[in-house]
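To start, the structure itself, in structure tokens.
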Amino acid sequence: ELGPGLLGKNFDGLQNDLDKLQGVFLERGKYNNLAENKEARYDFTPIAKVGDEVQAGDWIGAIKEGWIDHKIMVPFKFEGKGTVESVASAGSYGLSDILAVVKSHNGDKTEVTMVQTWPVKLAIKSFREKPRPFKLLETGVRTIDTFNPITEGGTGFIPGPFGAGKTVLQHALATNANADLIIMTACGERANEVVEIFTEFPELIDPRTGRSLMERTTIICNTSNMPVAAREASVYVGMTVAEYYRSMGLKVLLLADSTSRWAQALREMSNRLEELPGQDAFPIDLPAIISSFYARAGFVYLNNGETGSITFIGTVSPAGGNLKEPVTESTRKAARCFYALSQKRADSKRYPAVDPLDSYSKYIEYPEFVEFADGNI
């Protein structure tokens with residue numbers, strides 16, 4: 001479910017709101033849906049006018065979600081082009097109120113409300129074009145920005161053995177990176193690391209706004225004891241929420257910790273489906289699954305000429321620190337930046353323990369990025 005009310009929340013891998021739980025576990029058959037929130041009302045300002053030609057992802061109007069202009073869009077499932085038949089006037093509305101009606105060319109009418117649904121494993125493609133990323137994303141972590149910069153809309157991964165500071169680096173990125181929104185996907189990690197995120201994030205102050213960092217953060221959490229299928233879904237849920245906000249013209253930073261646990265969930269699912277196992281019993285198409293997931297990140301030009309981006313940085317926790325195992329190898333092919341954490345640096349308490357010589361960024365070789373860097377840095 002995509003709509004207002006996603007920011008500042010903690011969800012599980014199936015998008016149940018964890019703050020609304022009674023007791024420790026989910027009740028059987030009970031789902032916490034966004035649209036169930038009957039009290040929530042938002043001030044709507046129309047953007048589109050009656051008679052405008054629109055397509056999926058075009059902005060109908062905007063509401064304020066915290067300090068963000070949350071755009072109400074033509075549903076992503078809408079096919080082809082259509083015409084706006086009616087738009088609600090400015091005022092206060094609930095989540096399920098009809099804000100606009102769009103008529104498609106074959107006469108079907110689509111009612112637009114604040115909440116829409118989307119299958120998480122399909123990429124949202126309602127943008128005009130997706131060039132190779134060329135702008136620098138300032139992460140605020142000097143060893144990254146100076147030696148191996150990542151671009152806005154770029155992809156990177158952080159492998160490292162236990163205790164090398166993967167979570168520390170993600171906290172530093174989330175606090176200091178020049179992004180509008182942060183989405184943390186805690187995927188299958190031990191509960192203590194996830195609890196740390198839940199307790200520390202609300203206390204972190206956003207250096208740009210001076211307000212709580214949690215106001216522009218969504219956490220999707222799936223610890224090791226939660227269902228395997230939900231663990232597999234959790235990174236897709238995070239990516240879909242990121243794509244939703246990218247369609248509003250925002251810069252989103254998506255952090256996944258850890259994609260190794262996600263791959264283990266893929267392996268378990270694949271084994272239960274009795275598929276032929278590949279190396280280390282992972283699915284045979286693991287490299288394809290990982291690369292198609294990383295490919296959903298990126299810098300885009302929307303239909304109206306605005307820009308949005310998803311920068312994706314995943315951590316990989318290879319068993320025993322072995323960087324030759326399938327998940328690390330497959331990720332290395334897909335991600336453009338590699339931030340190697342060194343145990344020696346971490347032991348001497350030099351955080352973030354990124355080794356500048358083992359790490360690399362392929363974006364430095366892109367002529368588009370070189371041109372941007374020459375003009376701006």
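The values are calculated or read from the model by the stated rules, or taken from the named source; none is laboratory data. Note that the structure is a prediction, hence the values are computed from the model and not measured. Heads up, the Cβs are rebuilt from the backbone with ideal geometry, glycines too, and the neighbour counts pull from every protein chain shown. All accessible areas refer to the heavy atoms of the entire protein, side chains included, with ligands and DNA or RNA removed. Shrake-Rupley method; radii C 1.70, N 1.55, O 1.52, S 1.80 Å.
Quick look at the values:
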| quantity | calculated |
| --- | --- |
| Residue within region 13-21 that is over 23 Å from the mean Cα position of the chain (by Cα), in a loop (DSSP other than H, G, I, E, B) and not small (Gly, Ala, Ser) present | yes |
| Verdict on residue 182 being under 25 Å from residue 343 (Cβ atoms) and crowded, with 22+ Cβ neighbours inside 10 Å | no |
| Out of 79, 111, 129, sole residue that is modelled with pLDDT of 95 or more, of a type outside the set (A, V, I, L, M, F, W, C) and closer than 24 Å to residue 239 by Cα | 129 |
| Filter result (touching a Leu at 6+ places or on another chain (Cβ under 7 Å) and either at pLDDT 85 or above or part of a strand (DSSP E or B) (or both)) within region 204-214 | 205, 213 |
| Any strands (runs of 3 or more DSSP E) falling wholly within region 46-106 and containing at least 2 residues that are touching a Gly at 6+ places or on another chain (Cβ under 6 Å), acidic (Asp, Glu) and open to solvent by 40 Å² or more (accessible area, probe 1.4 Å) | none |
| Long-range neighbours under 7 Å by Cβ, at least six apart or interchain, first residue closer than 10 Å to residue 111 by Cα within region 74-89, second among the hydroxyl-bearing types (Ser, Thr, Tyr) | 75/110 |
| Any hit, region 230-247, residues being of a type in the set (A, V, I, L, M) and not in a helix (DSSP H, G or I) | no |
| Residue satisfying all of: in region 107-148; part of a loop (DSSP other than H, G, I, E, B) and closer than 18 Å to residue 175 by Cβ; most open to solvent (accessible area, probe 1.4 Å) among these | 138 |
| Inter-residue pairs, beta-carbon under 7 Å, first farther than 19 Å from residue 5 by Cα and in region 20-32, second surrounded by 12 or more Cβ atoms within 10 Å (Cβ to Cβ), 6+ apart | 26/16 |
